[in-house]
1. Can you tell me the dipole magnitude for the chain around its Cα centre, using point charges on the Cβ only (Lys, Arg +1; Asp, Glu -1), in Debye to the nearest 20?
2. Which percent of Cα pairs goes in each bin when the distances of the range 52-156 are cut into 10 angstrom slices starting at zero?
3. Within a Cβ distance under 14 Å of residue 187, other residues only, what is the Lys/Arg minus Asp/Glu net charge?
4. For a 25 Å ceiling on Cα separation, which of these pairs sit above it: 60/142; 96/150; 96/221; 16/163; 25/178?
5. So what's the net charge close to residue 121: Lys and Arg +1, Asp and Glu -1, counting the other residues with Cβ under 15 Å from its Cβ?
6. Which percentage, to the nearest 5, of the DSSP beta bridges contained in the chain is antiparallel?
7. Mind jotting down the three principal axis lengths of the range 1-62 based on Cα atoms? Whole angstrom, largest first.
8. So what's the net charge close to residue 60: Lys and Arg +1, Asp and Glu -1, counting the other residues with Cβ under 13 Å from its Cβ?
Amino acid sequence: MDNYNIAIDGPAGAGKSTIAKRVAKKLEYIYVDTGAMYRAMALFMLRQEIFAEDEGKISKACNQAEITIEYIDGEQQVILNGENVTGQIRTEEVGKMASAVAKCNAVRTKMVQLQKNLAATSNVIMDGRDIGTVVLPDADLKVYLTASSKERALRRWKELENKGISSDRSEIEADIVKRDFQDMNRENSPLRQAEDAVLVDSSNLTIDEVVDKIILLFKEKCSGELG
Ligand code: CDP
């Protein structure tokens, strides 16, 4: 029997990971956070003191970074050269560096292969920037999840506040806009809505509303096949 795959793409802070995690739980699928893999690669480069602009060094160094994922109590863990770095990749610094390393062809080729292998062996819901366009072009459902940059910045700001980190909302929005521009305008696998993806704008929807919408879309697409 073939596996079922759901692809969720969209810009930074659209809520992809929160929503994909909940959908995965409801459907009992595996959630694959591909951004975490690029973030682990970014952490590796930062530790090597490689600059974001130095594409040549990034291309070469990425061969020394072995990135894999594991699950502990259903939560994805990212392993970088044998070290669990899951707790170290959620900073703004790593996020910015991830967007820079993600431009590199050698990095993408490595990550995409790993992601395709995961989807070939399990029912997955995967989120990222190129899932519907490159990683899972035959996904059973593709969603392009977005929200206004103002709303996305507000969500990021709240997330940081909840962690006790104070930050400037307009600076966060500026960073988000810059990162989106970089992701949408790069040569390799730019972020764009796949032709057959359903656009969901979450600006005025709650998390539960988006989750229910995606599950409904999935059931509609696969009606007759699902038990
Ligand atoms: O959580 P957030 O949306 O801020 O970012 P993320 O999903 O953790 O991804 C971090 C960066 O990795 C993005 O800005 C992209 O540049 C890159 N990325 C990518 O190029 N392709 C993916 N499939 C996932 C992430």
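1. On the way: 31 positive and 37 negative charges, 45 e Å.
Computed charge dipole of the chain: roughly 220 debye.
2. 11, 37, 40, 11
3. On the way: positive: 103, 108, 129, 186, 192; negative: 55, 130, 183.
Local charge sum for residue 187: +2.
4. Checking Cα-Cα distances, 60/142; 96/221; 25/178 exceed 25 Å.
5. Numbers: positive: 116; negative: 2, 70.
It works out to a net charge of -1.
6. On the way: 8 of 25 bridges.
The antiparallel fraction comes to roughly 30 percent.
7. The Cα atoms of the range 1-62 stretch 41, 30, 17 Å along the principal axes, largest first.
8. Numbers: positive: 57, 110; negative: 54, 55.
Net of charged neighbours comes to 0.
The values are calculated or read from the model by the stated rules, or taken from the named source; none is laboratory data. This one's a predicted model, so the numbers in the text were calculated from it and none came from an experiment. Heads up, the Cβs are rebuilt from the backbone with ideal geometry, glycines too, and the neighbour counts pull from every protein chain shown. Side chains are part of the model used for accessible areas, which takes the heavy atoms of the whole protein and leaves out ligands, DNA and RNA. Shrake-Rupley method; radii C 1.70, N 1.55, O 1.52, S 1.80 Å.
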